[in-house]
Structures are given as C-alpha cells and as structure tokens.
1. Among LEU98, PHE16, SER88, flag the residue with its Cα farthest along the positive direction of the charge dipole of the stretch 1-132, charges on Cβ as +1 for Lys/Arg and -1 for Asp/Glu.
2. How much of the accessible area of the chain, in percent, comes from carbon and sulfur atoms when a 1.4 Å probe is used?
3. Could you compute the net charge surrounding LEU28? Neighbours are other residues with a C-beta less than 13 Å from the C-beta of LEU28; K and R count +1, D and E count -1.
4. Just the accessible area per residue of the chain, please: how many Å² with a 1.4 Å probe?
5. Relative contact order, percent, of the stretch 51-177 when contacts are C-alpha pairs under 8 Å separated by at least 6 residues?
6. Give the shape of the stretch 52-117 as rounded, prolate or oblate, defined through the alpha-carbon gyration tensor: a ≥ b ≥ c are the square roots of its eigenvalues, a/c under 1.5 means rounded, and otherwise the shape is prolate if a/b is larger than b/c and oblate if not.
7. Can you work out the Karplus-derived ³J(HN,Hα) for every residue in the stretch 29-36? Use 6.51 cos²θ - 1.76 cosθ + 1.60 with θ = phi - 60°, whole Hz, and x for glycine or proline.
8. With a ≥ b ≥ c taken as the square roots of the eigenvalues of the C-alpha gyration tensor of the chain, please select rounded if a/c is under 1.5 and otherwise prolate if a/b is larger than b/c or oblate if it is not?
Amino acid sequence: MPQQAVTTQQIIIIGFMGTGKTTVAHELGRELNCLAVDLDELIERREHRSASEIIEQDGEGEFRRIESHLLYETLEAARARIIAVGGSAWTIAVNRQLIAERRALSVWLDADFELCWKRIVSGIETRPLARSREMAARLYNERRPVYELADTRVTVSEEDSAAEIARRVSNEILRQQ
Ligand code: S3P
C-alpha cells in the first residue's frame with residue numbers, strides 16, 4: 001500500500017481513561033478524511049498483547065517504554081494524522097517532548113471523573129491502573145494539571161455523541177491554525 005504523506009499538522013488526542021479518545025479519533029478521521037490510529041491498538045498489534053496484559057505481565061515501566069517507542073515511530077512515519085494515545089502517554093515528559101518536536105496539536109478530551117469511572121467499570125477493557133475507584137480518582141487528580149498543558153481542551157459530557165465531540169475538536173483545530 002502506498003504511504004500517505006501528511007500534509008497537515010498531526011493531532012494527538014489525550015485524556016483520562018473513559019473519555020472516548022479512540023472513538024472520537026476514528027470519528028474525526030472520517031470527518032477530516034484522514035487516517036486516525038489508536039496507539040494502544042498499534043501496541044497490541046505489534047506486541048500481540050493488549051496494553052493491560054503488558055502492564056500485568058511485564059510492569060508499567062515496560063509498557064511505557066514500548067508506548068514511547070511506538071509514539072515516536074508513529075509521529076515520524078506521519079501516515080496517521082490523528083493519533084489517540086492511552087491515558088498516561090501525555091503525562092510522560094519525553095512523550096510531550098516528542099509531540100512538541102513534531103509540532104503536533106494536542107487536544108485534551110476533558111470529562112468529569114464520574115463519567116470516566118462509569119465507563120471504566122462498564123467497559124470490557126481491563127485497566128490494571130484503575131482497579132478501584134480510589135486508584136482511578138487518585139490518578140485522575142494527579143494527571144489533571146498535566147493534561148492542562150495540552151494546546152487545547154474539549155469538554156466531554158455524557159450526552160455528547162462521538163460525532164458531536166469530533167466536530168468540536170475539528171472546530172478547535174481550525175481555531176488553532
Ligand atoms: C492507561 C490507559 C489505557 C492504556 C493503559 C494505561 C493509563 O488507555 O494505555 O492501560 O495509565 O491511563 P485508555 O486511556 O485508552 O484507557
């Protein structure tokens with residue numbers, strides 16, 4: 001398959017677990033007619049194990065190493081214009097630096113904790129770093145100030161459809177250009 005060159009700025013979708021990053025990224029890809037990928041899905045394809053399996057089997061440190069490496073590759077390859085990343089990717093300084101070096105636009109999907117938690121518990125995905133409400137709430141509060149460093153923020157509430165959120169993100173992209 002011929003490689004599709006990126007002619008416009010890459011968009012990184014960040015935010016806590018359960019904010020809908022993957023769904024919104026794919027929706028945005030449809031709306032902007034460009035390739036959208038989810039970093040955890042790329043990791044799973046490469047490693048033949050899910051993010052949570054890697055964390056459980058090899059530890060969080062090993063997962064972070066794989067994640068940073070694949071983020072670098074994905075940014076450099078520049079096939080995908082939109083990249084949704086796992087909840088902690090943005091909290092790692094080296095990842096933020098990679099994103100800044102590529103002059104990619106970071107978009108924070110900001111949902112309140114109750115909505116994230118509701119989706120975490122009802123989701124089929126296991127989240128080893130958010131096994132209890134207390135663990136998840138602590139992470140949520142610790143990470144908020146770092147998510148605030150994103151270039152732009154889009155607020156997400158329960159009644160918003162993925163299409164509506166994607167529209168808001170694309171308006172933000174236009175506003176930032
Ligand atoms: C993580 C979030 C997960 C996944 C991994 C670690 C986190 O992705 O990357 O389990 O520490 O927030 P989602 O944010 O897509 O759930």
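1. Of the candidates, LEU98 comes out farthest on the positive side.
2. Details: 4480 of 9170 Å².
Ligands and nucleic acids excluded, carbon and sulfur give 49 percent.
3. Numbers: positive: LYS21, ARG30, ARG81, ARG167, ARG168; negative: GLU27, GLU31, ASP38, GLU164, GLU172.
Residues near LEU28 contribute 0 overall.
4. Numbers: 9170 Å² over 177 residues.
So the chain comes to 52 Å² accessible per residue, rounded to a whole number.
5. On the way: 79 pairs, mean separation 34.3, N = 127.
The value is 27 percent.
6. Details: a/c = 1.97, a/b = 1.12, b/c = 1.76.
Since a/c reaches 1.5 but b/c is at least a/b, the shape of the stretch 52-117 is classed as oblate.
7. Here the 3J(HN,Hα) series is x, 5, 5, 8, 6, 9, 6, 10 Hz.
8. Numbers: a/c = 1.56, a/b = 1.16, b/c = 1.34.
It comes out oblate by the Cα gyration axes.
The values are calculated or read from the model by the stated rules, or taken from the named source; none is laboratory data. What you are looking at is a predicted structure, and each value in this text was computed from that prediction instead of being measured. Cβ sites come from the backbone with ideal geometry, for glycine too, and all protein chains shown count toward neighbours. These area figures cover heavy atoms from the full protein model, side chains too; ligands, DNA and RNA do not enter into them. Shrake-Rupley method; radii C 1.70, N 1.55, O 1.52, S 1.80 Å.
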